[in-house]
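J.: The structure that follows is given in the form of structure tokens.
The values are calculated or read from the model by the stated rules, or taken from the named source; none is laboratory data. Since the model is a prediction, treat every value here as computed from it, not as a measurement. Cβ placement follows ideal geometry from the backbone for every residue including glycine, while neighbour counts extend to all protein chains displayed. We work out accessible area using only protein heavy atoms, side chains counted, and drop any ligands, DNA or RNA first. Shrake-Rupley method; radii C 1.70, N 1.55, O 1.52, S 1.80 Å.
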Amino acid sequence: VRWMMYWIVFALFMATETIADLLISWFPFYYEMKMAFVIWLLSPYTRGASLLYRKFVHPTLSSKEKEIDTYIIQAKERGYQAMVRFGKRGLNLAATAAVQAATKVQ
């Protein structure tokens with residue numbers, strides 16, 4: 001559980017860091033503070049990732065749980081529909097190629 005909390009918080013940090021690098025990388029000691037923050041997240045003594053997860057991430061995910069479930073269901077349906085559509089296209093292309101090959105042989 002501890003590692004799950006760490007990786008979730010670290011992934012969120014990496015997503016925000018991408019934007020922050022563009023905006024505030026000129027700030028003195030920015031990279032050193034970033035390293036210190038990652039060490040703080042990872043340290044078993046400070047348990048920074050667990051603290052951030054329990055205070056911010058978990059309450060946010062809990063309050064948005066129904067919306068997240070709805071998006072997951074929609075993604076499953078769209079994925080299934082896309083696979084059926086691409087499967088039909090693939091079969092049509094294969095059938096067309098087979099017919100063209102058969103006509104060329106004659």
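J.: Could you tell me whether any residue of the stretch 36-43 is of a type in the set (Phe, Trp, Tyr), open to solvent by less than 100 Å² (accessible area, probe 1.4 Å), closer than 15 Å to Arg2 by Cα and not assigned by the TED database to the domain that holds Ile72?
T.: Yes, because at least one residue in the stretch 36-43 is of a type in the set (Phe, Trp, Tyr), open to solvent by less than 100 Å² (accessible area, probe 1.4 Å), closer than 15 Å to Arg2 by Cα and not assigned by the TED database to the domain that holds Ile72.
J.: Could you go through the stretch 13-28 and let me know if any residue there is surrounded by 10 or more Cβ atoms within 10 Å (Cβ to Cβ) and in contact (Cβ under 8 Å) with a residue 24 or more places away in the chain.
T.: Yes; the residues of the stretch 13-28 include at least one that is surrounded by 10 or more Cβ atoms within 10 Å (Cβ to Cβ) and in contact (Cβ under 8 Å) with a residue 24 or more places away in the chain.
J.: Pick out the one residue from Lys66, Lys55 that is open to solvent by 60 Å² or more (accessible area, probe 1.4 Å), outside the structural domain of Phe10 (by the TED database) and within 19 Å of the chain's Cα centre (by Cα).
T.: Step by step, each of Lys66, Lys55 is checked, and only Lys66 is open to solvent by 60 Å² or more (accessible area, probe 1.4 Å), outside the structural domain of Phe10 (by the TED database) and within 19 Å of the chain's Cα centre (by Cα).
J.: Name the single residue, out of those in the stretch 1-12 being loosely packed, with under 14 Cβ neighbours inside 10 Å and among the hydrophobic types (A, V, I, L, M, F, W, C), that is farthest from Leu41 (Cα to Cα).
T.: Checking each candidate, the answer is Val1.
J.: Okay, moving on. Of all residues in the stretch 69-106 being small (Gly, Ala, Ser) and surrounded by fewer than 10 Cβ atoms within 10 Å (Cβ to Cβ), which is farthest from Ala11 (Cα to Cα)?
T.: Ala102
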